[in-house]
1. What order do you get for 28-41, 51-64, 126-139 when each peptide is scored by the mean count of other beta carbon atoms within 10 Å, highest first?
2. Counting Lys and Arg as +1 and Asp and Glu as -1, each charge on the Cβ, what is the dipole of the stretch 5-140 about the Cα centre in debye, to the nearest 20?
3. Between residue 42 and residue 92, what FRET efficiency comes out of the Förster formula 1/(1 + (r/R0)^6) with R0 = 25 Å and r the beta carbon distance, rounded to 0.05?
4. How far, in degrees from 0 to 90, does helix 90-105 lean away from the longest principal axis of the Cα atoms of the chain, to the nearest 10?
5. Using r as the Cβ-Cβ distance of residue 54 and residue 30, and R0 as 35 Å, what FRET efficiency do you calculate, to the nearest 0.05?
6. Percent relative contact order of the chain, based on C-alpha pairs within less than 8 angstrom and at least six residues apart?
7. Give me the compactness ratio for the stretch 5-140, meaning the Cα radius of gyration over 2.2 N^0.38 Å.
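Every number in this text was worked out from the coordinates using simple rules, so none of it is lab data. Small disclaimer: the values here were computed from a predicted structure and weren't measured. In this analysis, Cβ positions are derived from the backbone assuming ideal geometry, glycine residues included, and neighbour counts consider all displayed protein chains.
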Amino acid sequence: MSMSFEDIRQSLYGLLAQWGEHPIEYDDIKSSAVDGARQSGDPWLRATILPGDSFTAYIGDGPKARDPGVLALQIFVKPPAVITVDDLPASIQAYRIASSLAEHVSYYQDGWLETRAASLRRVGEQDGYYQMNVTTVFVAN
């Protein structure tokens, strides 16, 4: 039995809900926790599922599709207005969050869905936030 695109979405969002270190904004879903983090200057994330091109994996008793895609996670850390000795730079905070998140989403399996190794990408300062991206490829059979 194959997974529907909705099954894939629910599984990946469930995986992220288990992480829970910082609030996450999902596609078309407003989050009061993210709004609060933005107002208080705390880190927050945005999650986007990017479906790829499905292809026929085999024919056998009938055609079987394989559905790849990318789970893209953007991490936003607000640099402090005034840096004190005790403050970590926003870049270090973002790298720590990204490392934790990458470990959490890599090599996940749920039925016919699996993720691969996660990659980190430094975006840098954007619109008043330090941004880091984490992406992982997923494949659903």
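1. Top to bottom by mean Cβ count within 10 Å: 126-139, 28-41, 51-64.
2. That gives the stretch 5-140 a dipole magnitude of about 260 debye.
3. On the way: r = 15 Å, r/R0 = 0.61.
According to the calculation, E is roughly 0.95.
4. The answer is roughly 20 degrees.
5. On the way: r = 30 Å, r/R0 = 0.85.
For residue 54 and residue 30, the calculated efficiency is 0.75.
6. In percent, rounded to a whole number, it is 24.
7. Its radius of gyration relative to the 2.2 N^0.38 Å reference: 1.20.
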